[in-house]
Amino acid sequence: KMFLKMFQVEPRVPVRLLLDTSASMLTHGGAKWEYSRKLAGALCYVGLVRLDTIEVQGFAGRLTERVHSGGGRHRFSGVMDGLCSLQAGGATDYLRVVREFIGAYPQRGLVIVISDFLDDQSCEKALQYLTDFGHELMLLQIWADEDRTPPWIGELELRDAETGAGMKLDFDEEARGRYTRSFDEYCASLQTVALRSGGRYAGIATSQSLESVIFGDLIRARGIA
């Protein structure tokens, strides 16, 4: 019963899943990328069980490949083949992607976004556009533990995975604490964007098991009931 009521939306409301395929998802050995594809697969399976159709589309600088998920659970292997064929790379441009999405999908529905939400141009404004056009958001923010609490100390040279821009800094325990607080504040701002229009948000670390996310985080975020 829990799985059969996953998407708390009216019958026949379109469910579309946007999967971040940008280069930042490949950091930390690709843990975020592999985890995100598995999570997308799990959500598609839930939809197939209840015979919902879910359009899965990759995005980075623009919308990329589309994976169709529908027709019952016997179609799940095809969905996983499609997800496995997606390739990650390139820089994120949320504003361009959202504009393209609104043009391609004028019918309002539930939009699930699986991403680390790392975008130099600030993705909050772009996500707000989706809600302004009547879409309901489920934001699933994926991060590696190193994203929130960097384990390094000393003089560091950091390089942006998407743009290649670099910077040097001295990193100590105090700086680590400030960084983690800033990270948490950013997560809270994403949650505000989702909740403002009655949507949902969950922050998910790759160290969590998928089972704990499906049966824990998404239930608390009202993604599953």
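The values are calculated or read from the model by the stated rules, or taken from the named source; none is laboratory data. The shown structure was predicted, so the numbers you read here are calculated from the model rather than taken from an experiment. Neighbour counts run over all protein chains shown; Cβ positions are idealised from the backbone, glycine included. Accessible surface areas use protein heavy atoms only, side chains included; no ligands, DNA or RNA. Shrake-Rupley method; radii C 1.70, N 1.55, O 1.52, S 1.80 Å.
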Please determine, by comparing only the residues of segment 1-28 that are surrounded by fewer than 16 Cβ atoms within 10 Å (Cβ to Cβ) and of a type in the set (V, I, T), which one is modelled with the highest pLDDT. V13
Filter segment 18-69 for residues that are outside any loop (DSSP other than H, G, I, E, B) and of a type in the set (D, E); the one that is nearest to D120 (Cα to Cα) is D20
State all residues of segment 77-129 that are part of a helix (DSSP H, G or I) and touching a strand residue (DSSP E or B) at 6+ places or on another chain (Cβ under 8 Å); if no residue qualifies, say none. V79, G82, L83, S85, V97, E100, F101, A104, L127
Could you please give the count of residues in segment 115-158 that are open to solvent by 10 Å² or more (accessible area, probe 1.4 Å), aromatic (F, W, Y) and modelled with pLDDT of 90 or more? 3
Complete set of residues in segment 80-99 that are more than 25 Å from C187 (Cα to Cα) and of a type outside the set (S, T, Y): M80, D81, G82, L83, C84, L86, Q87
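Would you tally the residues in segment 72-95 being under 15 Å from M25 (Cβ atoms) and among the acidic types (D, E)?
Matching residues across segment 72-95 total 1.
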Which residues, counting only those in segment 93-110, are closer than 14 Å to C123 by Cα and surrounded by fewer than 21 Cβ atoms within 10 Å (Cβ to Cβ)? L95, R96, R99
